[in-house]
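Read the structure below first, then the notes.
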Amino acid sequence: MILSGQGADELFAGYKRYESLKAEDLEIALRTDLDNIAQNNLERDDAVTMANSVELRVPYLDKKVIELALSISPELKIHNAIRKYILRRAASNILPDELVWKEKKAAQYSSGIYSAMEKLAKKNGYGKYLRKYLSERKA
């Protein structure tokens, strides 16, 4: 079994695109993204974990967590341009500050794996068509 943070960005305004929104627009965007999370992320994550005999758990998508998060004011989700502010404040009691306040960075970019895979695709004649290279490697 593995725990995933799916839903935290959609509930607590973790994406950069949320920063410029007014409170009412932020609330609409969060609810829209939350409604779409199953189709966009959960199906993919479930398929990947099940293919590896791993069961996925998504604690942020627990009904009570969702209800609580939706009741929190948008101004506490983004405060002074800090995304997921209220979640970070809660975590500051148990995690070191360098983790709590660190800027979000997608794993595929910070690990260097994406650029390594692009280089491999290019080396094998696929230029910048990484997705096509990966799909043909499966066959």
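If the requirement is being open to solvent by less than 60 Å² (accessible area, probe 1.4 Å), closer than 30 Å to K119 by Cβ and not hydroxyl-bearing (S, T, Y), which of these qualifies: D33, D45? Criteria check complete, one pass: D45. Just one residue in the set D46, D33 is in contact (Cβ under 8 Å) with a residue 12 or more places away in the chain and part of a helix (DSSP H, G or I); that residue is D33. For beta carbons closer than 8 Å, sequence separation of 6+ or different chains, a first residue in segment 72-95 that is without any contact (Cβ under 8 Å) to a residue 24 or more places away in the chain and under 18 Å from E24 (Cβ atoms) and a second that is open to solvent by 70 Å² or more (accessible area, probe 1.4 Å) and hydroxyl-bearing (S, T, Y), there are no qualifying pairs.
Considering only residues in segment 6-25 that are of a type in the set (A, V, I, L, M) and assigned to a helix (DSSP H, G or I), the one that is surrounded by the fewest Cβ atoms within 10 Å (Cβ to Cβ) turns out to be A23.
Looking only at segment 85-94, which residues are surrounded by 13 or more Cβ atoms within 10 Å (Cβ to Cβ) and of a type in the set (A, V, I, L, M, F, W, C)? Full working, then the answer.
Pass one, segment 85-94, residues surrounded by 13 or more Cβ atoms within 10 Å (Cβ to Cβ): 85-92.
Within segment 85-94, I86, L87, A90, A91 meet the criteria.
So if I check each of A69, A8, A13, A23, which one is touching a helix residue (DSSP H, G or I) at 6+ places or on another chain (Cβ under 6 Å), on the phi > 0 side of the Ramachandran plot and either hydrophobic (A, V, I, L, M, F, W, C) or in contact (Cβ under 8 Å) with a residue 12 or more places away in the chain (or both)?
A13
The residues on offer are I28, I2, and the sole one that is among the β-branched types (V, I, T), closer than 30 Å to E75 by Cβ and open to solvent by 30 Å² or more (accessible area, probe 1.4 Å) is I28. Just to be sure, is I28 touching a residue at least 24 places away in the same chain (Cβ under 8 Å), in a helix (DSSP H, G or I) and more than 15 Å from the chain's Cα centre (by Cα)? The answer is no for I28. Can you spot a residue in segment 104-114 that is within 22 Å of E10 (Cβ to Cβ), among the aromatic types (F, W, Y), open to solvent by less than 80 Å² (accessible area, probe 1.4 Å) and not in a strand (DSSP E or B)? Within segment 104-114, not a single residue is within 22 Å of E10 (Cβ to Cβ), among the aromatic types (F, W, Y), open to solvent by less than 80 Å² (accessible area, probe 1.4 Å) and not in a strand (DSSP E or B). Name the residue, out of S92, S115, S135, S111, that is at pLDDT 80 or above and either of a type in the set (S, T, N, Q) or within 16 Å of the chain's Cα centre (by Cα) (or both). Only one candidate passes the filter, namely S92.
The values are calculated or read from the model by the stated rules, or taken from the named source; none is laboratory data. As the structure is a computational prediction, the values presented were derived from the model and not from experiment. When we count neighbours, we look across all protein chains shown, and the Cβ atoms used for this are built from the backbone with ideal geometry, even at glycine. Heads up: the accessible areas ignore ligands, DNA and RNA and are worked out on the full protein's heavy atoms, side chains in. Shrake-Rupley method; radii C 1.70, N 1.55, O 1.52, S 1.80 Å.
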